[in-house]
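Here's the structure, in structure tokens; my notes come after.
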Amino acid sequence: MKLAADTWLVFQRYFSIFIRNPAWVVVGIVQPALYLLLFAPLLKSVASLSGFPPGGAYNVFVPGLLVQLGLFGASGVGFNLIAELREGVVERLRVTPVSRLALLLGKALRDTLTILIQSAILIALAFPFGLKLQPLGLVVVLGLVGLIGLLFASISYWVALVLRDENSFAPVIFTAALPLLLLSGVLLPMSLAPSWLQTLSAINPLSHAVTAARALFLGHVGTADVAEGVAIVAVLAVLAVAGAARAFGRAIA
Amino acid sequence: MPNERAATAIATSELRRTFKGRRGTLEAVAGIDLEVHHGEIFGFLGPNGAGKTTTLRMLATLLPPTSGEAQVAGEDLLRHPDRVRRKIGYVGQVGGASPDVTGRSELVFEARLYGADPATARRRAQELIATLDLEVCADRKVKSYSGGQRRRLDMGIGLVHRPELLFLDEPTTGLDPQSRARMWEEVARLREAGTTVFLTTHYLEEADALCDRLAIIDHGRIVARGTPDQLKREVAGDVITFGVRGEVGTALELVRSEPWVKEASVDGETVRLYVDRGETAAPSLLRLLDSQGLELLTLSLSRPSLDDVFLRQTGRSLRESGPAA
């Protein structure tokens, strides 16, 4: 009960700071929208190759784009935490009886909500291009993308609390995110990859998320692919939240 | 009135904190025994890097001690940091308000974190805005505040839940003299309200003007403690300098044998006396000179400063250590 109340308080505070500058929602959506407009058309001719997953170019690409949005949208959130460490905000909050888990969750859920808003906009933008999606699939996809956002926001805060410095934070976080993206089959399906690359991709949790998201866009809600992708992301998200909350408890400015 | 108050606001035993770095282990706080009474303003005076902030962070539950024990606000710091948090307020060196929100919303949010309902939180925020003289800026973003306004807001955030013990880390560093005097007033007002204040400072004047008792800390150790007056008296007592019409040597011989004179010497045309308590020695001196028919020309009474205390204990002047960067 206290955890929920604390989390809600922290969430409200950070959401109200965020909502005063809604431009960030738009800025965050520009990159994925550009992929949609300027990259996805290339896939139309590739989609006829053997080995390309079924469903057409947009139904293959948009799910990956949402996973990418979750990954990159959330990975940078640690930046503002580093500023807060310097401003003494974290220290001040840690002196209060507020739950340390709530400090992390309140912030990370705000980031998750942002990503869900952006995802909804992106999906809406993709419909004119011929994207198809069932309502149930939409709900589960948003849940999956939300978990991915929560996972990477938590990791981002965790790394920020450990490094406490923007100059090392940026290279670490983006160097780690890029191979995750490339090995997830977001840009081109991994079914087109040589076998060694497919092996690497199989151990990347995000490729399972992408596979699950693609299945959901085809309406295959109750399949093993979906269950596996959601389960992997959910377990990792729980671990990341727990780790980051612990780091919050130890953080000193 | 809170009942079941412990005898002391803070009691520590062998409190120690070491940091592991690339060049070995640094002992930031090297075993500190402290006792802070209820309702007093207790100061921690020392140069930068002496271990003041580290000690404060440990007592405020922000940093686990490497070893030692502490009772803070009647609770065991190590076993019940959560209970300690409910009873203390903490104002860090850099404050802790977000630049992008209003002062009022920070106060309301802070009150809510301590469990106040929205209406109570708004009322409490308004009270603090009024007492801390923040009316003009309460609804502006914190980044537009002056240094003094910012510091008063920080203090308000620390006081939102009416803590019985308030920690202030370098409360006036970087403030102009006027804002500093304003902060001193606020701290003194806390004492009137019965709040115990534990503050750190590297300003001698601040320790002298504000603190009921203080501890001087250097290299993680307490090197002296007591009231500012006690500390200064321990060093050298007071200094009386006087000049008389006629032979200065006669005056020296005369006073030297008096029991209240610790040490006497001639310094040019004047006599310098070291005495325990200047305020009682001066009248005795006047009576003595008068009885011998010696006419007094000049008389001055000076007290050793806390810097003399620091100098005596550490071999360095605190002023030379310089202010915070």
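Quick one: which residue in A:69, A:125, A:34 is free of Cβ contacts under 8 Å to residues at least 60 places away in the same chain and either of a type in the set (A, V, I, L, M, F, W, C) or not in a helix (DSSP H, G or I) (or both)? Selected residue: A:34, the only one of A:69, A:125, A:34 that is free of Cβ contacts under 8 Å to residues at least 60 places away in the same chain and either of a type in the set (A, V, I, L, M, F, W, C) or not in a helix (DSSP H, G or I) (or both). The residues in region B:92-115 that are facing chain A (nearest Cβ under 7 Å), over 25 Å from residue B:201 (Cβ atoms) and among the small types (Gly, Ala, Ser) can be counted, and the count is 1. Residues considered: A:39, A:129, A:61. Of these, the only one that is surrounded by fewer than 23 Cβ atoms within 10 Å (Cβ to Cβ) and within 21 Å of the chain's Cα centre (by Cα) is A:39.
The criterion of at least 3 residues that are over 30 Å from residue B:130 (Cβ atoms) is met by the following helices (runs of 4 or more DSSP H) wholly inside region B:159-265: B:228-236, B:248-256.
Being in contact (Cβ under 8 Å) with a residue 12 or more places away in the chain and more than 18 Å from the chain's Cα centre (by Cα) is not true of residue A:206. Scanning region B:47-64 for residues that are more than 14 Å from chain A (Cβ to nearest Cβ) and in contact with a Ser or Thr (Cβ under 8 Å, 6 or more places away or on another chain) yields B:47, B:48, B:52.
When B:60, B:50, B:7 are checked against the criterion of being at pLDDT below 95 and either under 20 Å from residue B:202 (Cα atoms) or not hydrophobic (A, V, I, L, M, F, W, C) (or both), B:50 stands alone in meeting it. Against the criterion of being touching a Pro at 6+ places or on another chain (Cβ under 6 Å) and modelled with pLDDT under 95, residue A:174 does not qualify. Here A:172, A:210 are screened, and the one residue that is outside any loop (DSSP other than H, G, I, E, B), touching a helix residue (DSSP H, G or I) at 6+ places or on another chain (Cβ under 7 Å) and over 24 Å from residue A:81 (Cβ atoms) is A:210. Scanning region A:42-55 for residues that are within 24 Å of the chain's Cα centre (by Cα) and in a loop (DSSP other than H, G, I, E, B) turns up A:53, A:55.
Among the residues making up region B:67-80, those that are away from every other protein chain (no Cβ under 14 Å), over 20 Å from residue B:213 (Cα atoms) and touching a strand residue (DSSP E or B) at 6+ places or on another chain (Cβ under 6 Å) are B:67, B:68, B:69.
The values are calculated or read from the model by the stated rules, or taken from the named source; none is laboratory data. Since this is a predicted model, take the numbers as computed values, not measurements. Neighbour counts are summed over all protein chains in view; Cβ atoms, including those assigned to glycine, are modelled from backbone coordinates with ideal geometry.
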